[in-house]
Amino acid sequence: MNRDENLKQLQNKEKIWDIVVIGGGASGLGVALDAVSRGLSVALFEKADFAKGTSSRSTKLLHGGVRYLAQGDVFLVLEALRERGRLIKNAPHLTQNQAFIIPVYNRWDRIQYSAGLKMYDYMSANLSLGSSRYISKEETIRRMPGINPEGLFGGIVYYDGQFDDARLALSIAQTADHAGAIVLNYTKVNALEKDASGKLSGLHVQDMFSKKKYSIKARMVVNATGVFADKVLQMDNPDAAKTIQPSQGIHLVLDLDFLGGKDALMIPKTRDGRVLFAVPWQGKLVVGTTDTLREKAKLEPEALQKEIDFVLETAAGYLTRKPTRADVKSVFAGLRPLARPKEGSTKTKEISRSHKVIVSESGLVTLTGGKWTTFRKMGEDTVEYFPKVTGLAMDPSRSKDILLHGFTKVIPKGHWAVYGSNAVLIQDLTKADSGLSERIHPEFPNILAEVVWAVRHEMALKIEDVLSRRIRMLILDAQAALDSAEKVVKLMASELGKDEGWIEKELEDFRKVAEKYLIKS
């Protein structure tokens, strides 16, 4: 991806784009991918970095949703299981099969959970990742050495998918870009433009760095801004009703040896009826999540003390070694863009995770709700509105079969896996400059060549882009990311042609963000 080249294409004031997408998270990228698969011209604008918000703060699971099945949302689970299978096929470098174990404490739990998971297996059909089965107490402890054995009856193993959310978002952006779409980060939509009849005809955008403004013409505009969807709806119509109910979920990151082994722990029912996961991911243990009603959407939400305490207390009940605040390497929070029910509800776990597509009187198409696993289907359902909004025909969707950027049948070893076919190209950078083989941080495998690659080919423009989303250090170990910032920013400055003033400003900005990921003891 070349940001400067993409910006140049916006200078053609006469060009009319078929679809312009506002938002560069899972939803917006899904729309862009599906639209280019049909041969439509597409431009996508993200006011921050790709997946800066909710889309980089998930539990890292590609799943149908065992909890949604228990709630009777069979259609959502079926749809998600199908999409899970497609994504694992199309992006094997960014996805993997993960075994989960549900601890069982009595015979009734064994019967209940076994039956539910057999149904989950059945619904997966030929896209199943493995059959669920009951295992003994001894095998449960052997597979998860850190599990608390007190009162343990046994366990039930089942299988779901796992992925790197921010890297997947970037791969989708690259795939759409290579197919002809214009995708841009740090490009803010300031206003919508309407014709004499009140129908949307385009929008005004601004490059957040150069401050240059562009006027864009569009046949259809899609609002895919997640928890910020209501802001765009009110830009279209100041009296627009709220459609989004933000729900905050946090995750704590611990050392992997708190649980041990390769299997993930799934706690099916916490004291308030929610689900909690402890999932091995990139050498750490990601524990979460919460489900807390929030009224105001923020780009950088912070974990509440009560959420941190809830996760620590719940995890302590299932682990022999009780985690404390001092053990937390990083805490990150995300806001789910749940579709607000008409009657309203204070229980976020009861609000549907299904997505909705809304079309305003002006023709603004808004995508709300949904989940990462179904991003492609969300995009397909949204683009289906193109003929209704424009009166023009389009080709059928082909996004089901698109192999995502970096696809390879031979997955690179270790942390290089997420780069797929690009891994060897990054490693080749060290042949021209051996200094680029230096590790960014002694406790992480990532090397300086990855920083150079992120700047040159992945539109990384800020320290946070590199250390949070291109390389996942910030969410895995916030202090390690802070310790690495100066080394990273100096290399970025060299690549971008920036001066000392820029370096100091970037370091200051990153420290402010990174401190939110640290827990004060």
Revision key, fill the gap. Scoring only Lys, Arg, Asp and Glu (+1, +1, -1, -1) among other residues with Cβ under 9 Å from the Cβ of Gly249 yields 0
**Study point:** For Glu506, solvent-accessible area (1.4 Å; no DNA, RNA or ligand), Å²
**Key:** 10
**Study point:** Helix-derived mean residue ellipticity, 222 nm - over the chain, DSSP H n ≥ 4, -39500 (n - 2.57), to 500
**Key:** -10000 deg cm²/dmol
Point to revise | region 9-91: relative contact order in percent, alpha carbon pairs under 8 Å with at least 6 residues between | key: 23
Point to revise | Rg [Å, one decimal], Dmax [Å, integer] - region 278-336, C-alpha atoms | key: 12.4, 38
**Study point:** Under Karplus coefficients 6.51, -1.76 and 1.60, residue-wise ³J(HN,Hα) of region 326-340 in Hz, glycine/proline x
**Key:** 5, 7, 6, 6, 6, 10, 10, 10, x, 10, 7, x, 6, 5, 5
Point to revise | P(r), alpha carbons of region 183-290 - 10 Å bins starting at zero, rounded % | key: 12, 27, 19, 18, 19, 5, 0
Point to revise | With all protein chains modelled, accessible area of Asp18 [1.4 Å, Å²] | key: 30
Revision key, fill the gap. Spelling it out for His405: with amide H atoms placed in the peptide plane at 1.01 Å from N, the residues 5 or more places away or on another chain with amide H under 5 Å from its amide H are Thr175
Check your understanding: Karplus couplings for region 4-11 from phi (6.51 cos²θ - 1.76 cosθ + 1.60, θ = phi - 60°), rounded to Hz, Gly and Pro as x?
Key -> 4, 5, 5, 5, 4, 5, 7, 6
Practice item. Please list Ile358, Ile111, Ile519, Ile216 in order of solvent-accessible area, largest first, computed with a 1.4 Å probe with all protein chains present. Key: Ile111, Ile358, Ile519, Ile216
Check your understanding: Taking 0.36 nm per residue of separation and subtracting the Cα-Cα distance, what length does fully extending Ser362 through Lys137 add?
Key -> 75.0 nm
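For region 429-478, what mean projected area does the convex hull of the alpha carbons give, in nm²?
3.4
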Practice item. Sort all Cα-Cα distances of region 22-102 into consecutive 10 angstrom bins from zero, then give the percent of pairs in each bin up to the one containing the longest distance. Key: 15, 37, 37, 10, 1
Point to revise | Reciprocal mean inverse distance between Cα atoms of region 159-219 - Kirkwood radius, Å | key: 14.1
Check your understanding: What accessible area per residue, rounded to a whole number of Å², is obtained for the chain using a probe radius of 1.4 Å?
Key -> 41
Revision key, fill the gap. Rg/Rh over Cα atoms for region 400-518, Kirkwood Rh, comes to 0.98
Check your understanding: Considering only DSSP beta bridges whose two residues both sit in the chain, what percent are antiparallel, to the nearest 5?
Key -> 80
Practice item. Kindly identify region 362-469 as rounded, prolate or oblate by the Cα gyration tensor criterion: order the square roots of the eigenvalues as a ≥ b ≥ c, call it rounded if a/c is under 1.5, otherwise compare a/b with b/c, prolate if a/b is larger, else oblate. Key: prolate
Review point. Hey, any idea what % of the chain's accessible area is carbon plus sulfur with a 1.4 Å probe?
Key: 51
Review point. In nm, to one decimal, how far is the modelled label at Lys388 from the one at Thr408, with both set 7 Å along Cα→Cβ?
Key: 4.3
**Study point:** Calculated Rg and Dmax of region 417-458 using C-alpha coordinates, Å
**Key:** 9.8, 25
Revision key, fill the gap. For Lys60, other-chain or 5+-apart residues with amide H closer than 5 Å (H placed, Pro excluded) are none
Review point. Hey, rough spin-label estimate for Asp239 and Phe75, points 7 angstrom out along Cα→Cβ, what's it come to in nanometres?
Key: 3.1
Check your understanding: Amide H to amide H, which residues 5 or more places from Lys284 or on other chains are under 5 Å from it, using H placed in the peptide plane?
Key -> none
Review point. When the label point is put 7 Å from the Cα of Ser421 along its Cα-to-beta-carbon vector, which residues of region 79-99 have a backbone N closer than 13 Å?
Key: 91-93
Check your understanding: For region 183-189, what does the Karplus curve 6.51 cos²θ - 1.76 cosθ + 1.60, with θ = phi - 60°, yield as ³J(HN,Hα) per residue in whole Hz, taken in order and with x for Gly and Pro?
Key -> 10, 9, 9, 6, 10, 9, 7
Check your understanding: How much length is gained on full extension from Thr324 to Ser494, taking 0.36 nm per residue of separation minus their Cα-Cα distance?
Key -> 57.1 nm
Revision key, fill the gap. Counting Lys and Arg as +1 and Asp and Glu as -1 over every other residue whose Cβ sits under 14 Å from the Cβ of Asn12, the net charge comes to +2
Check your understanding: In 10 Å bins starting at 0, how do the alpha-carbon pair distances of region 51-202 split up by percent?
Key -> 10, 28, 27, 18, 10, 5, 2, 0
Check your understanding: Roughly how much of Trp502 is accessible, in Å² to the nearest 10, using a 1.4 Å probe?
Key -> 50
Exercise for review: Beyond 23 Å between alpha-carbons counts as too far, so tell me which of Lys199/Lys356; Lys322/Lys512; Lys47/Lys400; Lys52/Lys371 fall in that bin.
Suggested key: Lys322/Lys512; Lys47/Lys400
Practice item. Give me the compactness ratio for region 232-378, meaning the Cα radius of gyration over 2.2 N^0.38 Å. Key: 1.21
Practice item. Before anything else, pin down the relative contact order of the chain: Cα pairs under 8 Å, at least 6 apart, normalised by residue count, whole percent. Key: 19
Exercise for review: For Arg439 paired with Lys520, estimate the spin-label separation in nm (one decimal), with each label point 7 Å from Cα along the Cα-to-Cβ line.
Suggested key: 3.2
Practice item. Place the peptides 441-454, 223-236, 136-149, 51-64 in order of packing, highest mean first, counting for every residue the other Cβ atoms within 10 Å and averaging per peptide. Key: 51-64, 223-236, 441-454, 136-149
Review point. Relative to the present Cα-Cα distance, how much length would full extension add between Asp195 and Phe209 at 0.36 nm per residue of separation?
Key: 2.1 nm
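The values are calculated or read from the model by the stated rules, or taken from the named source; none is laboratory data. Being a predicted model, the structure only gives us computed values, none of them experimental. In this analysis, Cβ positions are derived from the backbone assuming ideal geometry, glycine residues included, and neighbour counts consider all displayed protein chains. Surface areas here come from the heavy atoms of the whole protein model, side chains and all, with no ligands, DNA or RNA. Shrake-Rupley method; radii C 1.70, N 1.55, O 1.52, S 1.80 Å.
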